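Engineer: The following block contains the structure, expressed as structure tokens.
The values are calculated or read from the model by the stated rules, or taken from the named source; none is laboratory data. Remember, predicted model here, so these are calculated numbers, not experimental data. All Cβ positions, even for glycine, are placed from backbone atoms using ideal geometry, and neighbour counts span all protein chains on display. Accessible surface is based on the protein model in full, side chains and every heavy atom, while ligands, DNA and RNA are left aside. Shrake-Rupley method; radii C 1.70, N 1.55, O 1.52, S 1.80 Å.
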Amino acid sequence: MSESKNITVFNDENWGVEVGESKQLTIVDVWAPWCGPCRIIGPVIEELADEYVGKVKIGKLNADDNAMAHQLGVSGIPTILFMREGKEVDRVVGAVPKPMLIEKIEYHLAGQAEA
């Protein structure tokens, strides 16, 4: 998997700082190496990380290696979480088309601008 330099790797240790204290919209791709649909959506997440650099923090959380995935109530992967200041504001389950993710990002960015 070719990781974009704009992808943050989230884990149990850095979650509080990287997600909990982040003021910007944060998107978390909860995935696992054995998950076929995760491999499909992975490159889309990387493209979004490059396209929204500076506007949205985008990263990945390996569900196999981190208890945080269970604490977030993730029961199926891939799950894409939309977080703001450590609180979940939206989620998408499954390998969804890129335009759907862009629509959700734009919606949440517009809401952030009004706040």
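Engineer: Write down the percent of antiparallel bridges among all DSSP beta bridges whose residues are both part of the chain, to the nearest 5. Don't jump to the answer; show the numbers that get you there.
Structural biologist: Values: 11 of 21 bridges.
Given both bridge residues lie in the chain, the antiparallel proportion sits at roughly 50 percent.
Engineer: Highest first, please rank the peptides 41-53, 85-97 by the mean number of other Cβ atoms sitting within 10 Å of their residues.
Structural biologist: Top of the packing list down: 41-53, 85-97.
Engineer: Then there's this: Pull up all non-local amide H partners of residue 91: gap of 5 or more, or a different chain, and H-to-H distance under 5 Å with H placed in the peptide plane.
Structural biologist: Sorted by chain and number, the residues that satisfy this are 82.
Engineer: On to the next question. Per Stokes-Einstein, at 4 °C and 1.567 mPa s, what whole-number D in µm² s⁻¹ belongs to the range 13-88, with the Kirkwood radius over Cα pairs as the hydrodynamic radius? Walk me through the numbers before you get to the answer.
Structural biologist: Values: Rh = 12.6 Å.
The calculation lands on 103 µm²/s.
Engineer: Per residue of the chain, what 222 nm ellipticity follows from adding -39500 (n - 2.57) for every DSSP H run with n ≥ 4, rounded to the nearest 500?
Structural biologist: Only helices count here, giving -10000 deg cm²/dmol.
Engineer: DSSP loop trypsin sites (Lys or Arg not before Pro) in the range 37-66 with at most 16 other Cβ atoms within 10 Å of their Cβ, which ones?
Structural biologist: 55
Engineer: In addition: What are the lysines whose alpha-carbon lies under 24 Å from the alpha-carbon of residue 5, with same-chain residues fewer than 8 places away excluded?
Structural biologist: Partners found: 23, 55, 57, 60, 98, 104.
Engineer: Using a probe radius of 1.4 Å on heavy atoms only, what accessible surface per residue do you get for the range 1-67? Whole Å² is fine.
Structural biologist: Here the per-residue accessible area is 49 Å².
Engineer: Now for a separate question. Can you give me the % of accessible surface on the range 1-50 that is carbon or sulfur? Probe 1.4 Å, all protein chains present, nothing else counted.
Structural biologist: That share works out to 57 percent.
Engineer: Count charges around residue 53 for me, please; just the other residues with Cβ under 13 Å from its Cβ, Lys/Arg as +1, Asp/Glu as -1.
Structural biologist: Around residue 53, the charge tally is -1.
Engineer: Take 15, 31 and sort them by solvent-accessible surface of the protein heavy atoms, 1.4 Å probe, largest at the top.
Structural biologist: Largest accessible area first, the list is 31, 15.
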